[in-house]
Amino acid sequence: MSTDTCKALAVTKFTGSTADYRILDMPRPKLTNATQLEIEVHAAAVNIIDPYRAMGSLTLLIPDTPPIKFGYDVAGIVTRVGGDVGRFKVGDRVYGCLNSDEIGSVGEYVVTDERYMAHIPDSVEFT
């Protein structure tokens with residue numbers, strides 16, 4: 001696996017069957033603005049909305065086209081930060097909920113704006 005790709009849970013076609021869910025090599029998310037951070041995912045969840053997205057049931061609300069990645073909720077370690085990120089640094093443990101255009105927490109890496117993340121207290125584990 002190159003550093004340009006990462007593994008993520010996704011579907012390659014609209015489907016109602018979980019048998020079609022796959023771990024795929026996907027493009028590794030990139031920082032696209034100065035307030036974003038990259039997170040190496042240590043914990044994530046499949047959200048109740050994800051199966052509906054996989055079926056194509058929400059395309060009027062969320063303009064999905066396959067491949068469709070899963071997951072909004074994420075916890076992990078910051079691996080990169082944009083130039084204007086002020087609350088986090090590389091190595092920080094964070095958690096939060098991704099914006100709807102950044103879906104894909106059930107994978108190795110995500111990129112999101114710092115406003116959607118919070119610090120994990122030292123007394124809290126990932127599991």
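Values as computed for the structure displayed
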| read-out | value |
| --- | --- |
| Number of the condition not met by TYR52 [criteria: (1) of a type outside the set (A, V, I, L, M); (2) under 19 Å from ALA118 (Cβ atoms); (3) without any contact (Cβ under 8 Å) to a residue 12 or more places away in the chain; (4) touching a Leu at 6+ places or on another chain (Cβ under 8 Å)] | (2) |
| Residue among ASP25, ASP92 that is under 16 Å from ALA118 (Cα atoms) and touching a residue at least 24 places away in the same chain (Cβ under 8 Å) | ASP92 |
| Top-ranked residue of segment 99-127 - restricted to ones that are modelled with pLDDT under 95 and within 22 Å of LEU24 (Cα to Cα), ranked as surrounded by the most Cβ atoms within 10 Å (Cβ to Cβ) | GLY104 |
| Output for segment 23-49, where each listed residue is of a type in the set (Val, Ile, Thr), within 29 Å of VAL124 (Cβ to Cβ) and surrounded by fewer than 15 Cβ atoms within 10 Å (Cβ to Cβ) | ILE23, ILE48 |
| All positions within segment 1-22 that are of a type in the set (Asp, Glu) and either open to solvent by less than 50 Å² (accessible area, probe 1.4 Å) or touching a residue at least 60 places away in the same chain (Cβ under 8 Å) (or both) | ASP20 |
| Some residue of segment 50-64 being in contact with a Lys or Arg (Cβ under 9 Å, 6 or more places away or on another chain), part of a loop (DSSP other than H, G, I, E, B) and of a type in the set (Asp, Glu) | yes |
| Residues that are among the β-branched types (Val, Ile, Thr) and open to solvent by 70 Å² or more (accessible area, probe 1.4 Å), drawn from segment 50-98 | THR65, VAL90 |
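The values are calculated or read from the model by the stated rules, or taken from the named source; none is laboratory data. Keep in mind the model is a prediction, meaning the values are calculated, not measured. Cβ: placed from backbone, ideal geometry, glycine included. Neighbour counts: every protein chain shown. Accessible surface areas use protein heavy atoms only, side chains included; no ligands, DNA or RNA. Shrake-Rupley method; radii C 1.70, N 1.55, O 1.52, S 1.80 Å.
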